[in-house]
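What follows draws every value from the coordinates through simple rules; no lab data is involved. The structure presented is a predicted model; accordingly, all values stated were derived computationally and were not measured. A quick note on method: Cβ atoms are made from the backbone with ideal geometry, for glycine too, and the neighbour counts reach across all protein chains shown.
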Amino acid sequence: MSLDAIITIRLSNEEKEILQQKADALGLKLNKLARLKLINVDVAKTNKIVSVNWEYYEQLGKINFQLGKIGTNINQLAHNANLSMQMGSPMQPEIIKLNEMSAVIKEARSLINDACSHIKSIEGTH
């Protein structure tokens, strides 16, 4: 949406301060709060107050990295188990378990990536 039109509204200092406090509480700029109020938008429903703890976000990235390394190790173990099985070793239950663990790790990484993307979309890039 392009903001091309300009209108001027005169307020008392007290009114402006009240609006500024409301805008600050909602994490909005004063002009955006005024626009939303003027077009009768329920600001509380359209603008969620979000605070991101970037330390937790960084930790999610580290966990994701470690899960990736674990997944690589599991894939190597599954590969070696398959080779052993081809050579006559009965390792089918171990291979099944390794494949299940690999799938769980891939799902966990996907969830972490989704959470990180959602955090970035809400708060903006860090």
- Item | Net length gained if the chain between residue 21 and residue 72 were fully extended (0.36 nm per residue, minus Cα distance) | 13.2 nm
- Message: I'd like the distance separating the alpha-carbon centroids of the range 61-114 and the range 7-27, in whole Å.
- Response: 57
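Would you work out the Kirkwood radius for the range 54-123? I mean one over the mean of 1/r across all pairs of different Cα atoms, in Å. Please list the in-between numbers first.
Numbers: mean 1/r = 0.0739 Å⁻¹.
That comes to 13.5 Å for the range 54-123.
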- Item | Residue (of 96, 68, 110) at the positive-pole extreme of the chain, dipole from beta-carbon charges | 110
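Suppose every K and R has +1 on its Cβ and every D and E has -1 on its Cβ; what is the size of the dipole of the chain about the Cα centre, in Debye to the nearest 20?
Working: 15 positive and 13 negative charges, 51 e Å.
Here the size comes out at about 240 debye.
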- Virtual spin-label span in nm between residue 11 and residue 55, 7 Å along Cα→Cβ: 3.6
- GNM of the chain, Cα pairs under 10 angstrom: of 75, 40, 64, the biggest fluctuation goes to 40
